[in-house]
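Below is one structure, written out as structure tokens, with a few remarks after it.
The values are calculated or read from the model by the stated rules, or taken from the named source; none is laboratory data. Note that the structure is a prediction, hence the values are computed from the model and not measured. Neighbour counts run over all protein chains shown; Cβ positions are idealised from the backbone, glycine included. Ligands, DNA and RNA are excluded from the accessible area calculation, which covers all protein heavy atoms including side chains. Shrake-Rupley method; radii C 1.70, N 1.55, O 1.52, S 1.80 Å.
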Amino acid sequence: MEVFGCRWENYTQRLRTNWQREVAEEDTVLVAGDISWAMKLEQAEKDLRFFHELPGQKIFLRGNHDYWWSTLSKVENFCREKEFDSLRFMQNKAFPIGEDFLVAGSRLWILPDDSRFAQADRKILAREEKRLALSLEDAKAQKAGRSLLVMTHYPPFEKDLKPNPLTVRIREAGAVEAFYGHIHRADSPYCLERVEVDGVPYSLVAADHIDFCPRLIAEGK
């Protein structure tokens, strides 16, 4: 990532140092996608090992650059073989986090207000909308008094920050906090710090935006 400018200089060591300082073994860290540049699952082993060896449990969401992420079963079987037992992967489901929280979400995709949006993107977006719905349905089935967190890779709202079917679905599911990655330009309209959209607070948590330091989202018992 150093090719993207000086803000990424020595970012791997910075992330490791900050993570080890901020995260305890009993914590859960949510990673909103773009985990490895690898093109194939076997090539991602080094990066997955990097995360596994850091403290805490990790829940990964697929980003648009995670080409190594093939089928969920293959990814899970690979990590089982490598004994990366601190890594979990969210697709079409939700995960409880202790007694107080659970997390749901989907990668999503670019939205129709993006100038690059083309006919081919409609099919991808429709599939991601379905995956978000399945994840939120799974969260509803597991909720049992827990507070819902929603993680996406792409922001689920358009540049005008007005409600749309995605934000409505997230609000109606009862989300208390939502966050996303993907955005790396400081002048982006999506470069937001806990801004309410349709009644739900959203935050950008891309690694460079939070200075490669895990950010506390919620604290339970």
Exactly one of these conditions fails for P96: (1) closer than 30 Å to K159 by Cα; (2) touching a residue at least 40 places away in the same chain (Cβ under 8 Å); (3) part of a strand (DSSP E or B). Give me its number. (1)
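For the condition free of Cβ contacts under 8 Å to residues at least 60 places away in the same chain and under 30 Å from R171 (Cβ atoms), what is the one hit in A104, A38, A144?
Step by step, each of A104, A38, A144 is checked, and only A144 is free of Cβ contacts under 8 Å to residues at least 60 places away in the same chain and under 30 Å from R171 (Cβ atoms).
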I'd like the full set of residues that are within 16 Å of V103 (Cα to Cα) and open to solvent by 40 Å² or more (accessible area, probe 1.4 Å), limited to the range 198-217. R215, L216, I217
Extreme residue, least open to solvent (accessible area, probe 1.4 Å), among residues of the range 79-93 that are assigned to a helix (DSSP H, G or I) and of a type outside the set (D, E): C79
Run down A104, A44 and say which single residue is in a strand (DSSP E or B) and touching a Ser or Thr at 6+ places or on another chain (Cβ under 6 Å). A104
What are the pairs, 6+ residues apart or on separate chains, where a residue within the range 8-30 that is open to solvent by less than 70 Å² (accessible area, probe 1.4 Å) has its Cβ under 7 Å from a residue that is assigned to a strand (DSSP E or B)? V23/V29; T28/Q57; T28/I59; T28/I97; V29/K58; L30/I59; L30/V103; L30/M151
Return a yes/no flag: does the range 138-148 have any residue that is basic (K, R), in a loop (DSSP other than H, G, I, E, B), in contact with a helix residue (DSSP H, G or I) (Cβ under 8 Å, 6 or more places away or on another chain) and more than 15 Å from G199 (Cα to Cα). no
The condition from (1) modelled with pLDDT under 95; (2) more than 26 Å from Y11 (Cβ to Cβ); (3) in contact with a Lys or Arg (Cβ under 6 Å, 6 or more places away or on another chain); (4) not basic (K, R) that G220 misses is numbered (3)
May I ask you to list the residues in the range 46-78 that are among the acidic types (D, E) and surrounded by 17 or more Cβ atoms within 10 Å (Cβ to Cβ)? D66
I'd like to know if the range 124-144 contains one or more residues that are in contact with an Asp or Glu (Cβ under 8 Å, 6 or more places away or on another chain) and charged (D, E, K, R). no
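Considering each of R146, R122 in turn, give the residue that is modelled with pLDDT of 95 or more and over 24 Å from R88 (Cα atoms). Can you show your working first?
On the way: R146 fails: over 24 Å from R88 (Cα atoms).
From the options R146, R122, the qualifying one is R122.
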Tell me the residue from L134, L111 that is at pLDDT 95 or above and assigned to a helix (DSSP H, G or I), please. L134
All but one of (1) surrounded by 15 or more Cβ atoms within 10 Å (Cβ to Cβ); (2) without any contact (Cβ under 8 Å) to a residue 40 or more places away in the chain hold for A173, so report the exception by its number. (2)
Scanning the range 118-157 residue by residue, those of a type in the set (D, E, K, R) and either open to solvent by 50 Å² or more (accessible area, probe 1.4 Å) or in contact with a Cys (Cβ under 7 Å, 6 or more places away or on another chain) (or both) turn out to be R122, K123, R127, E129, K130, R131, E137, K140, K143, R146
Would the range 150-166 turn up any residue that is assigned to a helix (DSSP H, G or I), under 15 Å from S106 (Cα atoms) and in contact (Cβ under 8 Å) with a residue 24 or more places away in the chain? yes
Pairing a residue in the range 55-66 that is under 17 Å from K93 (Cα atoms) and modelled with pLDDT of 95 or more with any residue that is open to solvent by less than 10 Å² (accessible area, probe 1.4 Å) and acidic (D, E), where Cβ atoms lie under 9 Å and the two sit 6 or more apart in sequence or on different chains, gives F60/D66
